[in-house]
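Here's the structure we're looking at; comments come further down.
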Amino acid sequence: EKRLTQFMPAFEIIPNTRIPLVRAVQALASEAQSFLKQSLDSLGISSASDSTVPCVLHDGKRALDRALHDLHSSERIWKHLANYIQLVLSPHLKSVLNILRLNITVDYDIESITAEEDLTDTMVDQALFDLDLIENGLNRPFNTYGIRSIEFAERNKIIERILSMILSTRKCILRVKDSEKEEMEGILSECVQEFTPTYKLLQTTRLIASSHDPNISTEYEDLSSKLITCLQRLKWTQTPKVFEWHDFDISVKQFETLYKEGGKDNQEIVDLLKMRKIIHVDLIEAIASLSSRVESILSTRDSFMHEMDLPISDHANASISQIGEIQECLQQLPPKLLTLRKNSFLRAEWMSRVQRQVAIAQSYSPGTQ
């Protein structure tokens with residue numbers, strides 16, 4: 001103890017660059033600083049007041065929500081057609097789907113099901129009756145919910161397409177009614193092939209209509225905001241010394257005090273490292289989910305407009321262009337996060353290395369410890 005006390009005056013004048021402990025702490029600090037800078041750059045954050053979430057929220061303005069809102073304002077067809085399909089068309093087609101042995105999945109696709117009972121004349125008659133109801137409704141569009149609210153040019157093309165499906169399906173079911181039992185399976189297969197393309201196309205409008213949702217990017221925004229708020233606090237509000245130490249200008253005593261168990265900066269770093277799961281898994285999954293949904297909306301809309309030969313307004317084109325830019329931005333984020341995941345700071349042993357240096361720092365101090 002006496003020798004250690006005598007050593008302290010010499011220790012005070014040894015250059016920090018010659019002290020292994022200081023060099024080790026500076027290496028840890030450099031890794032932490034690299035992580036903070038890389039994180040802020042990847043997320044596009046430049047100030048403590050920056051209320052940005054990459055791609056979807058700029059200066060507090062929700063870019064994706066606004067672009068989708070503008071699209072639906074210029075293309076009102078999606079809401080009205082989806083209402084017609086969900087509340088008018090689909091309920092009346094249940095008897096037809098039952099005969100064709102089809103089912104609508106939760107994502108509006110069509111799947112085959114196993115028949116639980118043989119076809120009867122009653123089932124066929126009910127299907128034909130329902131098809132007549134649908135046709136009568138389309139022939140009186142101003143009295144048909146959903147259809148009546150669609151603009152004239154679009155309404156005519158949609159009615160024409162649905163009527164074509166109804167007529168061909170009726171014709172096919174009549175063939176089923178008049179067929180022998182051994183011929184029935186082949187005819188039903190033909191009916192499904194004629195019915196499915198148009199009905200699947202119509203069902204996809206429900207996916208597009210569902211995009212008019214203010215919560216479409218909520219999960220991604222919440223995770224990003226949680227991470228960004230933590231990074232902003234550590235950069236500009238309550239900055240731990242590990243993010244400020246440069247050129248070995250480090251006080252061993254201050255390092256020991258701040259980074260021992262229960263130390264002020266130690267807790268800040270522990271809170272930051274709790275964000276590792278967001279960076280490693282959660283955020284990438286949320287981006288993939290949002291990007292996939294946006295891509296599905298864009299491709300489904302484009303396919304429907306092309307298949308139905310519907311006109312596209314300049315306003316809608318501008319909205320689609322904005323959504324496309326947001327989608328491209330989202331697709332650029334995962335590679336940045338994957339690079340960030342490799343940063344030494346995020347490795348599980350980083351805090352263990354800090355505590356090892358704290359133990360060494362304590363051994364440098366005079367006293368019973």
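The values are calculated or read from the model by the stated rules, or taken from the named source; none is laboratory data. These numbers were taken from a predicted model, which means no experiment stands behind them. Cβ coordinates were reconstructed from backbone atoms using ideal geometry, including for glycine residues, and neighbour counts include every protein chain displayed. Side chains are part of the model used for accessible areas, which takes the heavy atoms of the whole protein and leaves out ligands, DNA and RNA. Shrake-Rupley method; radii C 1.70, N 1.55, O 1.52, S 1.80 Å.
Quick check: is even one residue across the stretch 169-192 open to solvent by 60 Å² or more (accessible area, probe 1.4 Å), within 19 Å of Gln203 (Cβ to Cβ) and touching a residue at least 24 places away in the same chain (Cβ under 8 Å)?
The answer is no; no qualifying residue exists.
Of everything in the stretch 208-264, what is of a type in the set (Gly, Ala, Ser) and out of contact with any Lys or Arg (no Cβ under 7 Å at 6 or more places or on another chain)? Give them in sequence order.
Within the stretch 208-264, the first condition is being of a type in the set (Gly, Ala, Ser), and the residues that meet it are 209-211, 217, 224-225, 251, 262-263.
Selection gives Ser210, Ser211, Ser217, Ser224, Ser225, Ser251, Gly262, Gly263.
How many residues, within the stretch 194-248, are among the aromatic types (Phe, Trp, Tyr) and either touching a strand residue (DSSP E or B) at 6+ places or on another chain (Cβ under 8 Å) or crowded, with 20+ Cβ neighbours inside 10 Å (or both)? Quick ask: steps written out before the conclusion?
Restricting attention to the stretch 194-248, the residues satisfying the condition of being among the aromatic types (Phe, Trp, Tyr) are 195, 199, 220, 236, 243, 245, 248.
So of that shortlist, the ones also either touching a strand residue (DSSP E or B) at 6+ places or on another chain (Cβ under 8 Å) or crowded, with 20+ Cβ neighbours inside 10 Å (or both) come out as 195, 199, 220, 245.
The total comes to 4.
Find the residue count for the stretch 317-369, including only residues that are touching a residue at least 24 places away in the same chain (Cβ under 8 Å) and assigned to a helix (DSSP H, G or I).
Here the count works out to 33.
Given the criteria under 30 Å from Asp70 (Cβ atoms), outside any helix (DSSP H, G or I) and among the aliphatic types (A, V, I, L, M), does Ile216 qualify?
Yes.
Here are Ala27, Ala32: which of them is part of a helix (DSSP H, G or I), under 39 Å from the mean Cα position of the chain (by Cα) and touching a residue at least 40 places away in the same chain (Cβ under 8 Å)?
The conditions single out Ala32.
Consider the stretch 233-254. How many of its residues are in contact with a Leu (Cβ under 8 Å, 6 or more places away or on another chain) and under 19 Å from Asp271 (Cβ atoms)?
Qualifying residue count for the region: 6.
One line per residue, one yes/no per condition, for (1) within 19 Å of Arg62 (Cβ to Cβ); (2) exposed (fewer than 12 other Cβ atoms within 10 Å of the Cβ):
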| position | (1), (2) |
| --- | --- |
| Ser291 | yes, no |
| Thr300 | no, no |
| His306 | no, yes |
| Asp314 | no, yes |
| Gly324 | yes, no |
| Leu330 | yes, no |
| Leu337 | no, no |
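So, in the stretch 73-119, how many residues would count as being over 37 Å from the mean Cα position of the chain (by Cα) and open to solvent by 60 Å² or more (accessible area, probe 1.4 Å)?
Summing the residues that are over 37 Å from the mean Cα position of the chain (by Cα) and open to solvent by 60 Å² or more (accessible area, probe 1.4 Å) in the stretch 73-119 gives 3.
Output the helices (runs of 4 or more DSSP H) that fall wholly within the stretch 249-313 and possess 3 or more residues being over 25 Å from Ile326 (Cα atoms), or say none.
Of the helices (runs of 4 or more DSSP H) lying wholly inside the stretch 249-313, those with at least 3 residues that are over 25 Å from Ile326 (Cα atoms) span 252-259, 264-273.
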